[in-house]
Amino acid sequence: MKSCLVVDDSKVIRKVARHILETLQFEVREAGDGREALDRCAEQQPDVILLDWNMPVMSGMDFLRALRQSDGGMHPKVVFCTTENGMAYIRAAIEAGADEYVMKPFDRETLESKLQIVGVA
């Protein structure tokens, strides 16, 4: 079974994402910020990470940079999931190592297509 780490400071978004991902046969774990997400990745590397941009403690971009610079060979697919939709944000996310980008709010079809694009669905 493929695994996904949902990283978002909103419990509602995590719950919605979990429901969608579980219907797509993913094992789902959650983190409320980037620091917690790094800890979860150190425990068990997921196949894909659904990542929010704006979070307390450690932002999505800071998390992504730390993840991609880690020595542990952690290179899961990363799908940014955010309300930030400017081209500058998207470009910055891709340059930092994101594999795909999805806008909130999202539905099952949209999320499934993004997961297919990155090769995990």
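Among beta bridges from DSSP that stay inside the stretch 3-117, the antiparallel ones total about 0%.
Heavy-atom accessible surface of Leu64, to the nearest 10 Å², is about 0 Å², with a 1.4 Å probe and all protein chains retained. Spin-label pair Val12-Gln116: with each label point 7 Å from Cα along the Cα-Cβ axis, the two points sit 2.9 nm from one another. Between the amide H of Val102 and those of Phe80, Cys81, Thr82, distances stay under 5 Å, these residues lying 5 or more places away or on another chain, with hydrogens modeled in the peptide plane.
Around the Cα centre of the stretch 50-121, unit charges on the Cβ atoms of Lys, Arg, Asp and Glu (plus for the first two, minus for the last two) sum to a dipole of about 60 debye. For the stretch 3-117, the relative contact order comes to 23 percent (Cα pairs under 8 Å, sequence separation of at least 6). Using only Cα coordinates, the Kirkwood hydrodynamic radius of the stretch 3-117 works out to 13.8 Å. A cut-off of 5 Å between modelled amide H atoms, ignoring neighbours fewer than 5 places along the same chain, links Glu30 with Val6. Computed with a 1.4 Å probe over protein heavy atoms only, the accessible area of Val6 comes to about 0 Å². Taking all protein chains as they are arranged and a probe of 1.4 Å, the heavy atoms of Asp47 leave approximately 60 Å² accessible to solvent. A 1.4 Å probe run over the protein chains yields, for the chain, 50 Å² of accessible area per residue, whole-number rounding. Carbon and sulfur: what percent of the chain's accessible surface (1.4 Å probe)? Its accessible area is 48 percent carbon and sulfur atoms. Bridging of Lys104 to aspartates and glutamates at a Cα separation below 19 Å is possible for Asp8, Asp9, Glu22, Glu30, Asp33, Asp52, Glu84, Glu112, once same-chain residues fewer than 8 apart are set aside. Here the simple spin-label model places points 7 Å from the Cα toward Cβ, and for Glu27 and Glu95 these points are separated by 3.7 nm.
The values are calculated or read from the model by the stated rules, or taken from the named source; none is laboratory data. Just so we're clear, the structure is a prediction, and the values are computed from it rather than from any experiment. Because the Cβ atoms are built from the backbone with ideal geometry, glycine has one as well, and the counts that use them run over all protein chains shown. Heavy atoms of the whole protein, side chains included, go into the accessibility calculation; ligands, DNA and RNA do not. Shrake-Rupley method; radii C 1.70, N 1.55, O 1.52, S 1.80 Å.
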